[in-house]
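Novice: Input: one structure, supplied below.
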């Protein structure tokens, strides 16, 4: 039986996400959908607008059958490592046959041609990347320009393709499938509606527009046309309980305290801290009173806002180069089930029978696997996830909701 995997953040789940699930099912005779979803912290280096269980529930009520958490050590990484962690997890579930993903482009041939270059890294292309980096460009821009220079006139629309955020992630999915010889058949679905960064509300509004509306208006007015009603009701519930909305600004003092108190030698051990970036952060933290001031002080041609925000997450959670090396070597080491549907329960049983990894369906499964594996990479991966959730709950608007240990006490959502 074909089973479709989807990688997502659902921050929050909107009509565009519903379109992807609906299209994926239509192309494959209503196959079951298994989603790998980021937990409470996301690839752009920010906390999610609402917690992982609420977002999993949104997906399940809109057509997903099983939602599995992507561990923190992959969910807060750049596009390649985010894709690598998610696709390894899908492959190791033992049941996923296809990968459905959206992109601004519907030309799989063009995306594959770019993938071939990234996977092979021909010398001429690599030298172009190095030359662009040496001129002070950020890595994404240096790589994009190197690809355009290397491919020349073979793709007239290459610049447009490489400027699409979903295209970039799609290319990384295809690259990981190729590099690791994964048995995931790609299903490319053209993205519809507003652009990724568009801030205007519309029937197919971006998640950015929806989050901006929630954070600036602190309410659900005008969102009814941009989200499935089930998602809207879940958001309404989370707001009424004081668990939403959550934003990066709520971490402001924690980040500044961490930067002002961590030593330079310890800062140098943190993942993606290099080339004197540790001194740049320390100096900026000393003269910044807000998170925005800090970001503006550190930003440069080389370091984008997104890169800086991700690095702040690594600093806050003390994610070191040594830890990342171990996580990347082993890949995801467990399947934390956030929720499932009636159909998904059957898929979940199949996963338990075929998965290479332990399936953690309940909070006590998380605790048991952590406690029984002292000193292991598995233990470190779970510890990091638990710490991330414990920090996240401190960001809730309502103080009475801020208890720790939710990963050990929360059961999967059943729809």
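The values are calculated or read from the model by the stated rules, or taken from the named source; none is laboratory data. Quick caveat, the model's predicted, so the values are computed rather than measured. Cβ: placed from backbone, ideal geometry, glycine included. Neighbour counts: every protein chain shown.
Novice: Out of all the residues in the stretch 93-146, which are within 20 Å of the chain's Cα centre (by Cα) and part of a loop (DSSP other than H, G, I, E, B)? Spell out the reasoning first.
Specialist: Our first condition is that a residue be within 20 Å of the chain's Cα centre (by Cα); within the stretch 93-146, this holds for 93, 96, 98-104, 139-140.
Across the stretch 93-146, the qualifying residues are 93, 96, 104.
Novice: Within 27 Å of residue 326 (Cβ to Cβ), surrounded by fewer than 24 Cβ atoms within 10 Å (Cβ to Cβ) and not assigned by TED's automatic domain parsing to the domain that holds residue 313, is that true of residue 43?
Specialist: On the way: within 27 Å of residue 326 (Cβ to Cβ): yes; surrounded by fewer than 24 Cβ atoms within 10 Å (Cβ to Cβ): yes; not assigned by TED's automatic domain parsing to the domain that holds residue 313: yes.
So residue 43 passes the test.
Novice: In the stretch 2-43, which residues are modelled with pLDDT of 95 or more and part of a loop (DSSP other than H, G, I, E, B)?
Specialist: 3, 9, 10, 11, 12, 13, 14, 32, 39, 40, 42, 43
Novice: Within the stretch 396-415, can you find the residues that are out of contact with any strand residue (DSSP E or B) (no Cβ under 6 Å at 6 or more places or on another chain), closer than 21 Å to residue 337 by Cα, part of a loop (DSSP other than H, G, I, E, B) and in contact (Cβ under 8 Å) with a residue 40 or more places away in the chain?
Specialist: 410, 411, 415, listed by residue number.
Novice: Just need a number here: residues in the stretch 120-142 that are at pLDDT below 90 and closer than 16 Å to residue 175 by Cα.
Specialist: 1
Novice: In this structure, does residue 264 turn out to be under 30 Å from residue 325 (Cβ atoms), surrounded by 14 or more Cβ atoms within 10 Å (Cβ to Cβ), modelled with pLDDT of 95 or more and touching a helix residue (DSSP H, G or I) at 6+ places or on another chain (Cβ under 7 Å)?
Specialist: On the way: under 30 Å from residue 325 (Cβ atoms): yes; surrounded by 14 or more Cβ atoms within 10 Å (Cβ to Cβ): no; modelled with pLDDT of 95 or more: yes; touching a helix residue (DSSP H, G or I) at 6+ places or on another chain (Cβ under 7 Å): yes.
No, not satisfied.
Novice: Output the residues belonging to the stretch 220-242 that are assigned to a loop (DSSP other than H, G, I, E, B) and either at negative phi or surrounded by 13 or more Cβ atoms within 10 Å (Cβ to Cβ) (or both).
Specialist: Start the filter on the stretch 220-242 by keeping residues that are assigned to a loop (DSSP other than H, G, I, E, B), which leaves 220-228, 241-242.
Across the stretch 220-242, the qualifying residues are 220, 221, 223, 224, 225, 226, 227, 228, 241, 242.
Novice: Condition first: touching a residue at least 60 places away in the same chain (Cβ under 8 Å) and either surrounded by 17 or more Cβ atoms within 10 Å (Cβ to Cβ) or in a helix (DSSP H, G or I) (or both). Can you find one or more residues in the stretch 294-301 that meet it?
Specialist: Checked against the condition, which is being touching a residue at least 60 places away in the same chain (Cβ under 8 Å) and either surrounded by 17 or more Cβ atoms within 10 Å (Cβ to Cβ) or in a helix (DSSP H, G or I) (or both), the stretch 294-301 yields no hits at all.
Novice: Now a separate question. Under 30 Å from residue 162 (Cα atoms), out of contact with any helix residue (DSSP H, G or I) (no Cβ under 7 Å at 6 or more places or on another chain), free of Cβ contacts under 8 Å to residues at least 24 places away in the same chain and surrounded by 14 or more Cβ atoms within 10 Å (Cβ to Cβ) - does that describe any residue in the stretch 197-211? Explain how you work it out, then say what you get.
Specialist: We begin by selecting, within the stretch 197-211, every residue under 30 Å from residue 162 (Cα atoms); these are 197-211.
With out of contact with any helix residue (DSSP H, G or I) (no Cβ under 7 Å at 6 or more places or on another chain) added as a condition, the list becomes 202, 205-211.
Cutting the leftovers down to free of Cβ contacts under 8 Å to residues at least 24 places away in the same chain gives us 208-209.
Checking which are surrounded by 14 or more Cβ atoms within 10 Å (Cβ to Cβ) leaves us with 208-209.
Within the stretch 197-211 (the criterion being under 30 Å from residue 162 (Cα atoms), out of contact with any helix residue (DSSP H, G or I) (no Cβ under 7 Å at 6 or more places or on another chain), free of Cβ contacts under 8 Å to residues at least 24 places away in the same chain and surrounded by 14 or more Cβ atoms within 10 Å (Cβ to Cβ)), the answer is yes, since at least one residue qualifies.
Novice: What is the one condition in (1) within 21 Å of residue 87 (Cα to Cα); (2) outside any helix (DSSP H, G or I); (3) modelled with pLDDT of 95 or more that residue 381 does not satisfy?
Specialist: Failed condition: (2).
Novice: Could you list all residues from the stretch 74-83 that are surrounded by fewer than 23 Cβ atoms within 10 Å (Cβ to Cβ) and assigned to a helix (DSSP H, G or I)? Full working, then the answer.
Specialist: Here is the first cut: in the stretch 74-83, the residues surrounded by fewer than 23 Cβ atoms within 10 Å (Cβ to Cβ) are 78-81.
Across the stretch 74-83, the qualifying residues are 79, 80, 81.
Novice: Restricting to the stretch 331-342, name every residue that is surrounded by 15 or more Cβ atoms within 10 Å (Cβ to Cβ) and not in a strand (DSSP E or B).
Specialist: Let us first name the residues in the stretch 331-342 that are surrounded by 15 or more Cβ atoms within 10 Å (Cβ to Cβ), namely 331-341.
Scanning the stretch 331-342 gives 331, 332, 333, 334, 341.
Novice: Can you confirm whether the stretch 116-139 contains a residue that is under 27 Å from residue 232 (Cα atoms) and surrounded by 15 or more Cβ atoms within 10 Å (Cβ to Cβ)?
Specialist: Our first condition is that a residue be under 27 Å from residue 232 (Cα atoms); within the stretch 116-139, this holds for none.
Looking through the stretch 116-139, none of the residues is under 27 Å from residue 232 (Cα atoms) and surrounded by 15 or more Cβ atoms within 10 Å (Cβ to Cβ).
Novice: If residue 393 satisfies all but one of (1) surrounded by 16 or more Cβ atoms within 10 Å (Cβ to Cβ); (2) over 19 Å from residue 247 (Cα atoms), what's the number of the condition it fails?
Specialist: Status for residue 393: all satisfied but (2).
Novice: Regarding residue 8, is this residue surrounded by 24 or more Cβ atoms within 10 Å (Cβ to Cβ) and touching a helix residue (DSSP H, G or I) at 6+ places or on another chain (Cβ under 8 Å)? Steps first, answer last, please.
Specialist: On the way: surrounded by 24 or more Cβ atoms within 10 Å (Cβ to Cβ): no; touching a helix residue (DSSP H, G or I) at 6+ places or on another chain (Cβ under 8 Å): yes.
Criteria not met by residue 8.
Novice: Moving to a separate point now. Do we find that residue 191 is in contact (Cβ under 8 Å) with a residue 40 or more places away in the chain and closer than 25 Å to residue 402 by Cα in this structure? Don't jump to the end; show me each part of the working.
Specialist: Numbers: in contact (Cβ under 8 Å) with a residue 40 or more places away in the chain: yes; closer than 25 Å to residue 402 by Cα: no.
No; evaluated as a whole, the condition is false for this residue.
Novice: Can you name every residue in the stretch 67-94 that is out of contact with any strand residue (DSSP E or B) (no Cβ under 9 Å at 6 or more places or on another chain) and within 15 Å of residue 377 (Cβ to Cβ)?
Specialist: The answer is 73, 88.
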